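What follows is one structure encoded as structure tokens, with my remarks underneath.
Just so it is clear, none of the values below were taken in a lab; they were calculated from the coordinates. Everything numeric in this text was worked out from a predicted model, so none of it was measured. For neighbour counting, all protein chains shown are included, and Cβ atoms are generated from backbone atoms with ideal geometry for every residue, glycine included.
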Amino acid sequence: MAIQEKPNLRLLDIFNMSFGFMGIQFGFALQNGNASGILQNFGAHVEQLSWFWLVAPFTGMIVQPIIGHYSDNTWGRFGRRKPYILIGTLLCCIALLLLPNSASLFMAKSALLIGAGMLMVMDASINIAMEPFRALVADTLPDKQRTLGFSIQTFLIGIGAVAGSWLPYMMQHYFGVSGSAPAGMVADNVTYSFYVGALVFITTILITVIFTREYSPAELQSFGAETKEEKAPFVDIFRDFKNMPRAMRQLGLVQFFSWFALFSMWVFTTPAIAHHVYGLPVDDNSSDQFRDAQNWTGIIFGVYNGVSAIYALFLPRIAKAFGRKKTHALSLVAGGLGLISMYFADDKTDLLFSMIGVGLAWASILAMPYAILAGKLPAGKMGVYMGIFNFFITIPQIVNGIVGGPIVASIYDNNAIYAIVLAGIFMISGAISVLYVHDES
């Protein structure tokens, strides 16, 4: 049977396909901007934050390859990827509702433990929903539309992340929701934002599930997908890991530097701002000034996500002109310089400018490695390889999670801003390493 080329999709179809990712990122942004602050509200010390955040990469490393394997081998009335997207969405919405309420629903002494557990559930469910989305784009689009597809996905990710990041600040300053709370509790503006996040999450996912058509196994085979014998999932995953394409191995180093830096930024930005910019003592985790620093973290995270959403629209043209590797390298350099510049901020508004460079890097991190990788993968294994590729995202976060907190405590004297500076250096290192990746069409 002659191999057919996948048909081009309309722009509206590509938007519908990725619309649910906007909801995923809405919830993810709420987590990134507020989880450290919430855990500190519950009594966590700054050096413990990276340990609590370890649940994110650990669950991702375990969940994504398994979900990728099973979604590669699933076909039913609801499709191939969509059942897993729905399951992950429902679990994440439950966690969004429970995380900020851990202190009021459970005994106060258990709030920190329960909160960390809800963070784990949220991360696991986001991974369940996210991995099939990456594979869905690669499944459905022809090679010449994949950069466009991942760029539109990144644009929608940016829109959702801006809204999720800014919502707690807007709740307090524009909608009159209280931003104060007793020690050990989460402020109402954050709690209500998580409720809105759950609603946005489920709504956007349903739009994707309802309006996106998946190719059947027979259609995928006509496009060149392998017909493979079903094996035990772990045997199959380890075999595929051993046989990963050359470009995928090389991108692993790039991803290590990039995601080590991102993990530091997400974990330590709130305490870095509170201590380095606001001048608060390191043991302050419940004052109004600390909560303002937490809200400001959401604002600046919204800025970098907004920049990434705009920059993502130009990435296909920039990559066409300069190549995908050089585009990614320049973007990572901008991100590294942005992170380092946070050390020199005299006022919280200076941090807005730092986030411009971070936004350029974030857009490229979400698009370019996948655009480079998608054309190198066998069509019948797109899901499992996207899951395996997640190892190169989770491993650097696990390493950072284990050593990051002790380094902040013992070397940086609990001044988290130095973890941000190190993150900038790592991101520039990623820019150098991407220049050596094999990327032939």
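Students often get this wrong, so check it: of Lys82/Lys326; Lys82/Lys348; Lys6/Lys320; Lys82/Lys325; Lys326/Lys348, which have C-alpha atoms separated by over 30 Å?
Lys82/Lys326; Lys82/Lys348; Lys82/Lys325; Lys326/Lys348
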The stretch 1-47: spread of alpha-carbon positions along the three principal axes, whole Å, largest first, is 62, 25, 11
Largest fluctuation, Phe201, Phe150, Phe15 only, Gaussian network model of the chain with Cα springs under 10 angstrom, belongs to Phe15
Of Arg324, Arg213, Arg146, the most mobile residue in a GNM of the chain (C-alpha springs, cutoff 10 Å) is Arg213
If the label point sits 7 Å along Cα→Cβ of Leu90, residues of the stretch 201-216 with amide N under 14 Å come out as 202, 206
Computed over the Cα atoms of the chain, the Rg and Dmax in Å are 20.8, 70
In a Gaussian network model of the chain with springs linking alpha carbons closer than 10 Å, the residue among Ile210, Ile365, Ile407 that fluctuates most is Ile210
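Report the extension gain between Asp346 and Ser216 in nm, rounded to one decimal, defined as 0.36 nm multiplied by the number of residues separating them, less their alpha carbon distance.
Full extension from Asp346 to Ser216 adds 41.1 nm.
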Relative contact order as a percentage, the chain, C-alpha pairs under 8 Å and 6+ apart, gives 29
